[in-house]
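The structure appears below as structure tokens.
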Amino acid sequence: MSEVKILSVSKTFNSSKVLNNINIDIKNGELISLLGPSGCGKSTTLQLIAGILNPDEGDILFDNKSVLKLKTEKRDAVIVFQEYLLFPHMNIYENIAFGLKAKKIPKKDVNFRVSELLETIKLSSEKYKYPSELSGGQKQRVAIARALAINPKILLLDEPFSSLDINLRNEMREFVLDIQKKYNITTVLVTHDKEEALIMSDRIAVMLDGEIKQFDTPCNLYKNPKTKEVANIFGERNYIKGKLINGIFKADSITIDLNNDESYEEIEIMISKEDIILEAAKENDCNIATISKKRYVGDKTYYEVNYNDHTLKLSSNNDRLEIGDNMSLKFNSHNIKYFCEK
């Protein structure tokens, strides 16, 4: 394992700035994700760490030593791509052994290491099969085992699961987490899938337009995004504009106690779908919402409601409500985030 620091790094291609002064500090044995849409600079960052590219500005340190002058093969960082890139003319054993043989490791040690990895990826009985005989998940496991064979300090994963179906993706996520824990290897995962990043990461760097917008734990990013653009990366939210007077939010006929004593003339609150609760309507209740849409997705149901001239979206475990039902609306005010101008 190794500590990685990316210091004020910028990169330009054809007069277009792909990365703009990014800074990331990755701890020993940590798994972090680079999360963002296509073209935000995720894969470029990964290739800079690997040494496939060099930055125009800034520095990259492994264990507090610059690696900019080191060739890719000298960096102790390996990259696994979405496409697997296994050698089609070699069987599983030979693919995993390739890097070890290139380093002229003794045959006995090669056999021991490959056998250990085959056991880890649960393909010992398939070791003489060729890539064309493997499923997508098996190919990805072999690609990861081949990368780990040379005992790298850093594992780099460039959207490794995006071509797999949903069941295989879930299986491979658990596999990588188990591998990462077993070998305690510093790992950087590139993904555009927010769920994948939330499930797998110790911390997530949200990237937009070549910049790191927020680098934080999954929980903090979801519950306390610094900006609306970061919030929207993690799913659709509800936004209502109004004012805050001594901790009481007011917008038209909506009033919510935010449990603080702050005041702002202009404020926009953000309410997550799970922080809106529907209850049976009570007599003389002023917080009545009417269900206008319903989408059942198995483990939960998504509703859209009309509430005091606002349309709000929420998720619920109750799938028995129907369009047109009038319900009492409650807010989990402790989780409401707001963006404001004094």
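Here are the numbers:
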read-out	value
Computed helical MRE - 222 nm, the chain, DSSP H runs ≥ 4 contributing -39500 (n - 2.57), nearest 500	-7500 deg cm²/dmol
Under 5 Å, built H, 5+ apart or other chain: amide partners of residue 57	10
Cross-link pairs 213/313; 11/153; 74/103; 226/293; 293/313 - those with Cα-Cα distance over 21 Å	213/313; 11/153; 226/293
Total charge dipole magnitude, the chain, about the Cα centre, Cβ charges on Lys, Arg, Asp, Glu only, Debye to nearest 20	1660
Built amide H within the under 5 Å cut-off of residue 281, gap 5+	328
For residue 2, distant residues with modelled amide H under 5 Å away	29, 186
Gained length - residue 87 relative to residue 250, 0.36 nm times residue gap less alpha-carbon distance	52.3 nm
Cβ-placed point charges (K, R +1; D, E -1), dipole of the stretch 51-207 about Cα centre in debye, nearest 20	840
Lys/Arg +1, Asp/Glu -1 at C-beta; the chain dipole; positive extreme among 288, 20, 175	175
Simple label model, 7 Å out from Cα along Cβ direction - residue 132 to residue 279, nm	6.6
Inter-probe distance in nm under a simple model that places probes 7 Å from Cα toward Cβ, at residue 328 and residue 108	7.7
Estimated distance in nm for a label pair at residue 311 and residue 56, the labels positioned 7 Å out from Cα along Cα-to-Cβ	4.2
Gaussian network model of the chain, Cα within-10 Å springs - most flexible of 104, 139, 250	104
Highest-MSF residue in the chain out of 295, 141, 320 [GNM, Cα springs under 10 Å]	320
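Bear in mind these aren't lab numbers, they're just calculated from the coordinates by the rules spelled out. What you are looking at is a predicted structure, and each value in this text was computed from that prediction instead of being measured. Note: ideal-geometry Cβ built from the backbone for every residue, glycine included; neighbour counts use all protein chains shown.
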